[in-house]
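This structure is in structure tokens; I'll ask about it shortly.
The values are calculated or read from the model by the stated rules, or taken from the named source; none is laboratory data. Keep in mind that this is a model prediction, so the values were computed, not measured. Here the Cβ positions follow ideal geometry from the backbone for every residue, glycine too, while neighbour counts run over all protein chains shown.
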Amino acid sequence: MITAERKPLPEIKESITPYKKVLIVGCGTCVAECASGGEKEVALLASALRMDAKKEGRDVEVHEITLDRQCVYEFIDQLADLVDQYEVVLSLGCGAGVQAVAEVFPKIHVIPALNTTFIAQTKEAGVWIENCRGCGDCRLDQFADVCPITRCAKSLFNGPCGGSKGGYCEVDPETPCAWHLIVTRLEESGRLQKLTPLYPPADWSKKEGKGPRKIVREDQRH
Amino acid sequence: MSGASIGRPFFPRVMTTKQRAPHFAIFFCQQLDPNQDVNRRALEKELGSRIRFFPLPCSGRIEALHLMRALEAGADKVYLVTCPVGACRYREGNIRAKKRVEFAQKLIQEIGLEPERFELVNASLPGPFSVDAMARELINKAGGLAPSPLNVKKPKEAAHNTP
């Protein structure tokens with residue numbers, strides 16, 4: 001999933017300062033899972049902004065809606081009859097959601113209230129860890145399903161750096177060494193020969209250098 | 001009841017005659033008082049809109065949003081009364097409740113409100129416990145609680161409402 005964290009309230013407040021009618025739009029998918037942009041977080045932010053306005057004697061109308069997915073037109077459509085009643089949309093979606101809403105409603109100001117961070121796994125309740133960079137050239141099978149690009153602080157492809165201590169990274173002692181995990185898992189499953197070949201550098205042209213990436217599936221198109 | 005957090009002067013005890021009496025919202029674990037439904041009626045009748053009780057099946061069911069909404073709806077002080085640490089019927093409910101209250105306190109601090117507007121109180125057991133007695137004690141200890149800035153009429157608003 002895509003993770004995000006809410007921006008500090010003063011920053012959000014400043015961004016909506018000129019407006020009197022605010023619609024907060026949440027997203028019920030990734031950012032709901034990481035407790036930053038789902039229905040609950042939308043309600044919390046709306047409540048905080050209403051109370052803040054009341055405390056300062058400002059007249060601001062703040063309303064809430066959470067879409068199932070903020071990055072898909074079919075769901076954004078739910079805003080069609082609503083959005084004209086507001087001066088600004090405060091999005092609690094990831095960057096993709098913010099841009100999708102802005103594209104559908106070009107005349108309305110859409111402001112992000114989240115900082116989109118990374119692609120993550122829910123490690124345990126309340127803990128999310130980055131484990132995929134979206135490099136476009138997945139080689140997890142060769143590395144015991146542990147991504148050395150993402151989970152090794154140095155993104156090493158051909159073995160450990162030698163700086164780990166007790167199976168933990170020298171850059172961040174709380175993070176398990178990716179190469180320690182790779183070697184241990186391959187050993188335990190009798191697949192250590194996977195590490196015999198030398199792996200060439202990743203093909204970064206699949207991720208960067210050509211502008212935004214696009215996937216087209218003709219069988220899925222109208 | 002643990003007195004650790006009750007009775008501490010958290011607000012200036014100054015109240016002018018024009019200030020409204022403080023309003024309280026009390027969320028509580030209903031495992032504490034099996035007769036809570038009956039026990040709280042007299043106090044509710046006595047104080048009317050100044051007090052609102054919200055029984056929870058376990059204090060761990062509290063969400064920051066419950067506390068925020070209570071404050072937004074006009075409470076000057078919101079309490080969450082939990083079972084003593086280690087005595088939760090569901091093991092971790094009151095531990096989770098503490099984290100939620102702390103989270104909500106940070107949220108209101110961001111908008112310049114005192115975190116003490118939300119307070120977690122660990123009841124002490126064993127012994128007879130009734131939610132109305134607990135509530136009376138909390139209200140008495142809150143004393144001349146200053147009104148929440150949300151409930152103070154701004155000059156324009158006050159002038160508008162003056163006959």
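All but one of (1) under 27 Å from A:C34 (Cα atoms); (2) more than 16 Å from the chain's Cα centre (by Cα) hold for A:L156; state the number of the condition that does not hold.
(1)
Determine whether A:E14 is without any contact (Cβ under 8 Å) to a residue 60 or more places away in the chain and surrounded by fewer than 15 Cβ atoms within 10 Å (Cβ to Cβ).
On the way: without any contact (Cβ under 8 Å) to a residue 60 or more places away in the chain: yes; surrounded by fewer than 15 Cβ atoms within 10 Å (Cβ to Cβ): yes.
Yes: the conditions hold for A:E14.
In the range A:157-170, which residues are without any contact (Cβ under 8 Å) to a residue 40 or more places away in the chain, surrounded by 15 or more Cβ atoms within 10 Å (Cβ to Cβ) and of a type outside the set (S, T, Y)?
Residues of the range A:157-170 that are without any contact (Cβ under 8 Å) to a residue 40 or more places away in the chain, as a first pass: A:159-170.
With the extra rule that they be surrounded by 15 or more Cβ atoms within 10 Å (Cβ to Cβ), the set shrinks to A:160, A:164, A:169.
Answer for the range A:157-170, where residues must be without any contact (Cβ under 8 Å) to a residue 40 or more places away in the chain, surrounded by 15 or more Cβ atoms within 10 Å (Cβ to Cβ) and of a type outside the set (S, T, Y): A:P160, A:C169.
If you don't mind, another one. Looking only at residues that are of a type in the set (D, E, K, R) and in a loop (DSSP other than H, G, I, E, B) in the range A:133-153, which one is nearest to the chain's Cα centre (by Cα)? If you could, list the steps in order and put the result at the bottom.
First, pick out the residues of the range A:133-153 that are of a type in the set (D, E, K, R): A:133, A:137, A:139, A:141, A:145, A:151.
When the remaining residues are screened for being in a loop (DSSP other than H, G, I, E, B), the result is A:133, A:137, A:139, A:145.
On the way: A:R133: 11, A:D137: 20, A:R139: 22, A:D145: 21 Å.
The selected residue is A:R133.
Just for the range A:36-74: of the residues that are part of a helix (DSSP H, G or I) and charged (D, E, K, R), which one is nearest to B:I111 (Cα to Cα)?
We begin by selecting, within the range A:36-74, every residue part of a helix (DSSP H, G or I); these are A:39-55, A:73-74.
Next, from what is left, pick out any that are charged (D, E, K, R): A:39-41, A:50, A:52, A:54-55, A:74.
Details: A:E39: 21, A:K40: 18, A:E41: 16, A:R50: 10, A:D52: 6, A:K54: 11, A:K55: 9, A:E74: 35 Å.
Applying the filter and picking the extreme gives A:D52.
Sticking with this one: Would you be able to tell me the number of residues in the range A:1-34 that are closer than 18 Å to A:E64 by Cα, within 14 Å of chain B (Cβ to nearest Cβ) and in a strand (DSSP E or B)?
Residues flagged as closer than 18 Å to A:E64 by Cα, within 14 Å of chain B (Cβ to nearest Cβ) and in a strand (DSSP E or B) within the range A:1-34 amount to 3.
Can A:I111 be described as closer than 15 Å to A:V25 by Cβ, in contact with a strand residue (DSSP E or B) (Cβ under 6 Å, 6 or more places away or on another chain) and of a type in the set (A, V, I, L, M)? Let's see the steps before the verdict.
Working: closer than 15 Å to A:V25 by Cβ: yes; in contact with a strand residue (DSSP E or B) (Cβ under 6 Å, 6 or more places away or on another chain): yes; of a type in the set (A, V, I, L, M): yes.
The answer is yes for A:I111.
Can you tell me which condition A:K123 does not meet? The list is (1) away from chain B (no Cβ under 14 Å); (2) out of contact with any Lys or Arg (no Cβ under 8 Å at 6 or more places or on another chain); (3) at pLDDT 95 or above, and all the others hold.
Only one criterion in (1) away from chain B (no Cβ under 14 Å); (2) out of contact with any Lys or Arg (no Cβ under 8 Å at 6 or more places or on another chain); (3) at pLDDT 95 or above is unmet by A:K123, namely (3).
Here is a follow-up. Name every residue in the range B:88-114 that is in contact with a helix residue (DSSP H, G or I) (Cβ under 8 Å, 6 or more places away or on another chain), crowded, with 16+ Cβ neighbours inside 10 Å and more than 13 Å from every other protein chain (Cβ to nearest Cβ), in order of residue number.
Across the range B:88-114, the qualifying residues are B:C88, B:G93, B:N94, B:A97, B:V101.
Just for the range A:107-132: of the residues that are in the same structural domain as A:A96 (by TED's automatic domain parsing) and outside any strand (DSSP E or B), which one is farthest from A:I16 (Cα to Cα)?
This residue is A:K107.
Among the candidates A:A43, A:A48, single out the residue that is closer than 22 Å to A:A102 by Cα, surrounded by 15 or more Cβ atoms within 10 Å (Cβ to Cβ) and within 14 Å of chain B (Cβ to nearest Cβ). Even if it seems obvious, please write down each step before you answer.
Numbers: A:A48 fails: closer than 22 Å to A:A102 by Cα.
Exactly one of A:A43, A:A48 is closer than 22 Å to A:A102 by Cα, surrounded by 15 or more Cβ atoms within 10 Å (Cβ to Cβ) and within 14 Å of chain B (Cβ to nearest Cβ), namely A:A43.
State all residues of the range B:68-87 that are small (G, A, S) and either more than 12 Å from the chain's Cα centre (by Cα) or surrounded by fewer than 14 Cβ atoms within 10 Å (Cβ to Cβ) (or both); if no residue qualifies, say none.
In the first step, residues of the range B:68-87 are kept if they are small (G, A, S); the result is B:70, B:73-75, B:86-87.
Within the range B:68-87, B:A73, B:G86, B:A87 qualify.
Test of understanding: among A:E56, A:E87, A:E64, A:E130, which residue is in contact with a strand residue (DSSP E or B) (Cβ under 8 Å, 6 or more places away or on another chain), of a type outside the set (A, V, I, L, M, F, W, C) and within 14 Å of chain B (Cβ to nearest Cβ)? Please lay out each step first, then the result.
Working: A:E56 fails: in contact with a strand residue (DSSP E or B) (Cβ under 8 Å, 6 or more places away or on another chain); A:E87 fails: within 14 Å of chain B (Cβ to nearest Cβ); A:E130 fails: within 14 Å of chain B (Cβ to nearest Cβ).
One residue alone meets the criteria, A:E64.
Of the numbered conditions (1) out of contact with any Gly (no Cβ under 6 Å at 6 or more places or on another chain); (2) within 14 Å of chain A (Cβ to nearest Cβ), B:M134 fails exactly one; give the number of that condition.
Condition (2) is where B:M134 drops out.
Further question: Evaluate the following for B:G112: is it within 15 Å of A:S47 (Cβ to Cβ) and assigned to a loop (DSSP other than H, G, I, E, B)?
Criteria met by B:G112.
Identify, please: which residue in the range A:17-40 is buried (at least 17 other Cβ atoms within 10 Å of the Cβ) and β-branched (V, I, T) and is, among those, nearest to the chain's Cα centre (by Cα)?
My answer is A:V31.
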